[in-house]
Amino acid sequence: MNGLFAKLSEILVEEAEEVRREADRRGLLDRFYRLYGKRILDIAFSVVALPVVLPVSALIALAIKLDSPGPVLVRLPRLGRNGFLFLQYKFRSMVENAHETLQELLEAHPELRREFEATQKLKNDPRVTRVGRWLRRTSLDELPQIINVFRGEMSWVGPRAVRPDEITMYGSQGEKLLTVRPGITGLWQVSGRSNLPYQERVRLDMEYIDRMSLGLDLRIMFRTLPVMLKGYGAY
């Protein structure tokens, strides 16, 4: 009987050791991916995507020019990894002087101010152009961010990029947010986007940072296209 217990104990110890070794291997792979693999994937995917992105971008640029006056691209200040301030590229989806118009709207309409302070967005934003509404619904306004990916300012998958004044919305989690590159898509974008309250966005961004791995990034990328086509939560 003692011999049986000893054998069982030996088997349990061996299984526990194998679990530990597997966890170590996964931990090593995750660390390698965070340090090097994620950037390699970003560059590789960007190169593969270029033949599709370029002609689609040309058509979008033409539509924007025909729809409303103003530049095709806008450059928006955003916070990147380690608090680095960079300019995020987007197709213009709003009228010219949108920032000044926003201030006028918020001053004239307290209900819009409350909505913007809570979500950092306006669901029925009067500044959005006709083409801009379609671009936002499909998230195609974010295609030019491939430039930011090539420059190392953004990743294909990551937390949502925030404005410098928006980091306060993350509270004590703001410092953690800035430990990784923001992403074109991410866990928040494939989980409901703007239909979710802002604090849920914060929670999803933090969850992504904790779980970041090759497998998670690939799952998010595969889920992104169906979300774009449905336009769920986009405005």
Exercise for the section: Those residues that are of a type in the set (A, V, I, L, M, F, W, C) and within 23 Å of Y198 (Cα to Cα), I need them from region 107-133; list them, please. Expected result: L112, F116, A118, L122, V128
Completion exercise
Those residues of region 205-235 which are among the small types (G, A, S) and assigned to a loop (DSSP other than H, G, I, E, B) amount to S213, G231, G233, A234
Problem - Which numbered condition T179 fails, given (1) within 30 Å of L59 (Cα to Cα); (2) out of contact with any Ser or Thr (no Cβ under 8 Å at 6 or more places or on another chain); (3) β-branched (V, I, T) - result: (1)
Handout entry: Tabulated pairs, region 71-95, first assigned to a loop (DSSP other than H, G, I, E, B), second basic (K, R), C-beta under 9 angstrom, 6+ apart or interchain
Key = P71/R92; V72/K65; V72/R92; G80/R181; S93/R127; S93/R133; S93/R136; V95/R127
Exercise for the section: Considering only region 54-90, state which residues are closer than 21 Å to R151 by Cα and in contact with a Lys or Arg (Cβ under 7 Å, 6 or more places away or on another chain). Expected result: V72, L73, V74, L76, P77, R78, G80, R81, F86, L87, Q88, Y89
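Per-residue answers, yes or no, for (1) modelled with pLDDT of 95 or more; (2) under 21 Å from I220 (Cβ atoms); (3) touching a Ser or Thr at 6+ places or on another chain (Cβ under 7 Å):
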| position | (1), (2), (3) |
| --- | --- |
| R21 | no, no, no |
| R25 | no, no, no |
| L35 | no, yes, no |
| P55 | yes, no, no |
| L62 | yes, no, no |
| S68 | no, no, yes |
| G80 | yes, yes, no |
Practice task
Hey, could you check region 91-102 for residues that are at pLDDT 75 or above and of a type in the set (S, T, N, Q) and say which is surrounded by the most Cβ atoms within 10 Å (Cβ to Cβ)?
Solution key: S93
Problem - For D217: the one exception among (1) without any contact (Cβ under 8 Å) to a residue 24 or more places away in the chain; (2) among the acidic types (D, E); (3) in contact with a strand residue (DSSP E or B) (Cβ under 6 Å, 6 or more places away or on another chain) - result: (1)
Exercise for the section: Could you please give the count of residues in region 153-170 that are in contact (Cβ under 8 Å) with a residue 12 or more places away in the chain and more than 12 Å from L87 (Cα to Cα)? Expected result: 10
Practice task
Within region 100-123, work out how many residues are closer than 24 Å to S68 by Cα, within 22 Å of the chain's Cα centre (by Cα) and not aliphatic (A, V, I, L, M).
Solution key: 2
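The values are calculated or read from the model by the stated rules, or taken from the named source; none is laboratory data. The shown structure was predicted, so the numbers you read here are calculated from the model rather than taken from an experiment. Counting neighbours? That spans all protein chains shown, and the Cβs are built from the backbone with ideal geometry, glycine included.
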